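See structure below.
Read the figures in this text as sums done on the coordinates, not as results from a lab. Just so we're clear, the structure is a prediction, and the values are computed from it rather than from any experiment. Quick reminder, even Gly has a Cβ in these numbers, built from the backbone with ideal geometry, and neighbours come from all protein chains shown.
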Amino acid sequence: MNKLVETILDHRSIRSFEDKLLSKEQIETMVLCAQAASTSSYIQAYTIIGVTDPEKKAALAEIAGPQTYVEKNGHLFIFCADLQRLQRAAEMENADVTEALESTEKFLVASIDAALAAQNAAIAAESMGLGICYIGGLRNNLPEVSKLLGIPKRVIPLFGLVAGYPTNPSAKKPRLPLENIYHENEYQSDPEVFNEQLEQFNRTIRSYYLKRSNGLRKDNWTCQMTAMLGKKSRLYMKDYVESQGLNKR
């Protein structure tokens, strides 16, 4: 197993960082690695915003949770799905591409492009000995995030990515059984097999939580997911995305 694969498999989210900023070289390396990710039809439909202003970081940390590590880290990146650049490109060519830009397909392409770029940046950071954590909590209030960051139409801030020097590395969290994730030739949906795999994972994750909490936490994955899905969360999202001129067709 090579060192890169070891780095990927050793991933864990880091939520506590040294009071030390990333260097310009580290930031640029992460962005260049993000840009090296695959992109649909060379579309490159994403933008990355680095947030260094302390007041903006504090405001974003409050929106996200509050989550203190959104404010206190080596650097905060915001990954955006961006179709505004393509609209500009079309205008330069005196073309109207509104129908394409407002399609669900292009919204998916932009979101996937941004996710692929972000994961490249994350792996680059971890390969340099840094820790990272994705910040989906920004979607708690995207209108306010957009206002803070000056986000134009046809752009959606999807999530944040914090990077820095870890101070309290968390334990590596178990993942679902490979057989539950990877199917060959067709979707394997035998209820008995599928449920047994989930029960197996429940036992694994329950053991993980018991050990991590010194016996105080005893829940499992299926009950954790069911509780999460039972909460009404970010139900404004469809209206907000459409108001930005995306996913309308």
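A few comments on the model shown:
- Both radii are taken from the alpha-carbon atoms of region 6-153; with Rh as the Kirkwood radius, Rg/Rh is 0.99.
- Length gained on full extension, residue 181 to residue 41: 47.6 nm, using 0.36 nm per residue less the C-alpha separation.
- Within the shell defined by Cβ-Cβ distances under 15 Å, the residues around residue 236 carry a net charge of +3, with Lys and Arg each +1 and Asp and Glu each -1.
- Charged-residue dipole, Cβ positions (Lys, Arg, Asp, Glu), the chain about Cα centre, Debye nearest 20: 980 debye
- Cβ-based net charge around residue 127, under 11 Å, with every Lys or Arg adding one and every Asp or Glu removing one: -2
- Interatomic Cα distance distribution for the chain, bins of 5 angstrom, percent: 1, 6, 11, 13, 15, 16, 15, 12, 7, 3, 1, 0, 0, 0
- Entry for region 134-249 at q = 0.10, 0.20 Å⁻¹: log10 I(q)/I(0) = -0.54, -1.09, Debye formula applied to identical alpha-carbon scatterers, no solvent contribution.
- Point-to-point label distance, residue 228-residue 214, nm (Cα→Cβ direction, 7 Å offset): 2.7 nm
- Computed from the C-beta positions of residue 200 and residue 28 and an R0 of 41 Å, the FRET efficiency is 0.40 to the nearest 0.05.
- Helical runs (DSSP H, four residues minimum) scored at -39500 (n - 2.57) apiece and divided by the length of the chain put the mean residue ellipticity at 222 nm at -14000 deg cm²/dmol.
- Here is the result for region 1-87: no GluC sites (Glu not before Pro) lie in DSSP coil with at most 10 other C-beta atoms within 10 angstrom of their C-beta.
- Estimated FRET transfer efficiency (residue 11, residue 91; beta-carbon r; R0 41 Å; 0.05): 0.50
- Of the DSSP H helices in the chain, those whose Cα atoms cover at least 18 Å axially and whose Kyte score averages -0.5 or more: 104-127
- The amide H of residue 16, built 1.01 Å from its N in the peptide plane, has 167, 168 as neighbours under 5 Å, considering only residues 5 or more places off or on other chains.
- Modelled FRET efficiency - R0 51 Å, residue 58 with residue 190, Cβ distances, 0.05 increments: 0.50
- Of the cross-linked pairs 56/172; 56/153; 147/238; 57/153, those separated by over 25 Å at the C-alpha level are 56/172.
- Among the GluC sites (Glu not before Pro) in region 129-226, those located in a DSSP loop and surrounded by at most 12 other Cβ atoms within 10 Å of their own Cβ are 184, 186.
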